[in-house]
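The values are calculated or read from the model by the stated rules, or taken from the named source; none is laboratory data. All values reported here derive from a predicted model rather than from experimental measurement. FYI the Cβ positions are ideal-geometry reconstructions off the backbone, even for glycines, and counts take in every protein chain you see. Heavy atoms of the whole protein, side chains included, go into the accessibility calculation; ligands, DNA and RNA do not. Shrake-Rupley method; radii C 1.70, N 1.55, O 1.52, S 1.80 Å.
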Amino acid sequence: MRILLSNDDGINAKGIWALHDALADHAEILVVAPEREQSASSHALTMHHPLRLRQLDERVFAVDGTPSDCVLMAVRGLGGKIDFVPDFVLSGINHGANLGDDVTYSGTVAAAFEGHLLGFPSVAFSLASGTGDFGLAAAAARELVLQLAARERVPTLLLNVNFPDSPEYRGLRVTSLGHRRYEDVIDERTDPRGKTYYWIGGSPSWDDDPRSDMAALKDGFVSMTPLHLALTDVPMVETIGTWGLSLQPNGSKAAE
Ligand code: MN
């Protein structure tokens, strides 16, 4: 089995090496991860400055870009340095949960999105808080990957997995993304030179949905949410079609 491993916490993060070490006996692993932490970088690709590649070991590389840059560069051969067709693209283990609506901000999940877009089964792993046991989470991740690998390959498979902090988790629950109630607080402050600056903060609260990923973690389960990138609001295509909106070529007035 060949595994491409990336993350958004950076090449030196504890979580990626815990996952690497847990899988090392079971797979050929290529690590391509950001030089620096890229949490909440979402699905950004670097287009406006050059990307530097630093080789740390035969199959370990750091890119001074985003998680998506890392996965794309790895799959495209790292400038001819490597020819690696992964069976799975794995991302994480992230230091902190990636749940519900917040997955759209997540660099961890974005690396899995990128693997998915490139045609590989992809899984994002996150540990609820940075204080949980990465070794235990990585062992659980290994069990899941081995079980998935034993099944028929589903190229479109895209999974978001979150581990609770407690090693005494009760099992695995397949979930849906929950919805966050946005109560972001924009904290306005003044710097020593009298200029205003802002911190985005506030603590999230979540809709009560027993099928959600958040509820699974709260109940002590490992949460696994299958995702896809089909963002089209299909019923709304029908609805908007009945609204009579129109544009004429070249902005000319509609013929009466
Ligand atoms: Mn992160």
> Can you name the residue in the stretch 190-245 that is assigned to a strand (DSSP E or B) and open to solvent by less than 70 Å² (accessible area, probe 1.4 Å) and is also nearest to H116 (Cα to Cα) among such residues?
Replying inline: T225
> Restricting to strands (runs of 3 or more DSSP E) lying wholly in the stretch 98-184: which have 3 or more residues that are within 16 Å of the ligand (Cβ to nearest atom)?
Replying inline: 122-127, 158-163
>> For the condition within 20 Å of F113 (Cβ to Cβ), within 16 Å of the ligand (Cβ to nearest atom), open to solvent by less than 10 Å² (accessible area, probe 1.4 Å) and among the small types (G, A, S), what is the one hit in A40, A33, A74?
In response: A33
>> of a type in the set (D, E), within 13 Å of the ligand (Cβ to nearest atom), more than 12 Å from the chain's Cα centre (by Cα) and surrounded by fewer than 18 Cβ atoms within 10 Å (Cβ to Cβ): is that true of E58 in this structure?
In response: no
>> Contact list please: Cβ distance under 6 Å, first residue in the stretch 20-48 and more than 16 Å from A141 (Cα to Cα) and at pLDDT 85 or above, second residue of a type in the set (A, V, I, L, M) and assigned to a loop (DSSP other than H, G, I, E, B), pairs at least six apart or on different chains.
In response: A33/I11
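A quick yes/no check of all residues on (1) under 24 Å from A18 (Cα atoms); (2) out of contact with any Asp or Glu (no Cβ under 7 Å at 6 or more places or on another chain); (3) of a type in the set (D, E):
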{"position": "G171", "(1), (2), (3)": "yes, yes, no"}
{"position": "G201", "(1), (2), (3)": "no, no, no"}
{"position": "D207", "(1), (2), (3)": "no, yes, yes"}
{"position": "V222", "(1), (2), (3)": "yes, yes, no"}
{"position": "N250", "(1), (2), (3)": "no, yes, no"}
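Quick one: would you say V89 is at pLDDT 95 or above, outside any loop (DSSP other than H, G, I, E, B), more than 16 Å from the ligand (Cβ to nearest atom) and under 14 Å from the mean Cα position of the chain (by Cα)?
So V89 passes the test.
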>> Anything in the stretch 61-71 that is more than 15 Å from F120 (Cβ to Cβ) and either in a loop (DSSP other than H, G, I, E, B) or within 16 Å of the ligand (Cβ to nearest atom) (or both)? List them, or say none.
In response: A62, V63, D64, G65, T66, D69
